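The values are calculated or read from the model by the stated rules, or taken from the named source; none is laboratory data. Treat the numbers as computed from the prediction; the structure is a model and nothing was measured. Quick reminder, even Gly has a Cβ in these numbers, built from the backbone with ideal geometry, and neighbours come from all protein chains shown.
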Amino acid sequence: MLGPNSLWSVWRLGLPQGEDVDLVVQKKLQTWASYYDSDMQHSRHVARLTLQLHDGLTRVGVFEEDAGHSRELLKAAAIMHDVGRANGNPDHHKATQRLVRKLDPPFGWNKEDVDMAALIARYHRGALPHDQKAIT
């Protein structure tokens, strides 16, 4: 199991690396979401639009180039944004956040990444959280 030609080294070389890791993570999240979301075609369409917006805003300088992996988080959130509809709840946003936050972090992600994707999916329609104390 030791050395450059060992079985361990060969096995590790077969694991996804670089951009392939993002593809594997996105496929895993898409597969998971497909068990809850009855309209994955819609979610894939939303993800394509989300990436177009992100890339356009990056081109004009609103977002920094290569700032973390915000693009992957946005795509994941778009793919998962309707998983809370699984129970027939038309106000599915909170259920979506709860379901996504229960996920174990995929390879290359941490718990904060999962929480961020859950928040993006939760507030995808623009109803941002507000502080009740600031309103009164």
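Across the stretch 69-99, which residue is farthest from the chain's Cα centre (by Cα) among those that are modelled with pLDDT of 90 or more and not in a helix (DSSP H, G or I)?
Step by step, filter the stretch 69-99, then rank; the result is ASP82.
Would you check which residues across the stretch 1-48 are among the hydrophobic types (A, V, I, L, M, F, W, C) and more than 21 Å from VAL100 (Cα to Cα) and list them?
MET1, LEU2, LEU7, TRP8, VAL10, TRP11, LEU13, LEU15
Is at least one residue of the stretch 36-49 exposed (fewer than 10 other Cβ atoms within 10 Å of the Cβ) and under 21 Å from ASP104 (Cα atoms)?
Taking every residue of the stretch 36-49 in turn, none turns out to be exposed (fewer than 10 other Cβ atoms within 10 Å of the Cβ) and under 21 Å from ASP104 (Cα atoms).
Can you say whether TRP8 is surrounded by 10 or more Cβ atoms within 10 Å (Cβ to Cβ), at pLDDT below 85 and part of a helix (DSSP H, G or I), as far as the supplied structure shows?
yes
Quick one: would you say VAL114 is touching a helix residue (DSSP H, G or I) at 6+ places or on another chain (Cβ under 8 Å), part of a helix (DSSP H, G or I), farther than 24 Å from LEU15 by Cα and modelled with pLDDT of 95 or more?
Answer is no for this residue.
Could you give every pair whose Cβ atoms fall below 6 Å, whose first residue belongs to the stretch 80-108 and is more than 14 Å from ARG125 (Cβ to Cβ), and whose second residue is basic (Lys, Arg) and at pLDDT 85 or above, counting only separations of at least 6 or pairs across chains?
From residues that are more than 14 Å from ARG125 (Cβ to Cβ), the pairs are PRO105/LYS111; PRO106/LYS28.
Which one is farthest from HIS42 (Cα to Cα), of the residues in the stretch 66-120 that are touching an Asp or Glu at 6+ places or on another chain (Cβ under 8 Å) and exposed (fewer than 15 other Cβ atoms within 10 Å of the Cβ)?
Here the residue is GLY108.
Return yes or no: is ASP66 part of a loop (DSSP other than H, G, I, E, B), at positive phi and charged (D, E, K, R)?
Yes, satisfied.
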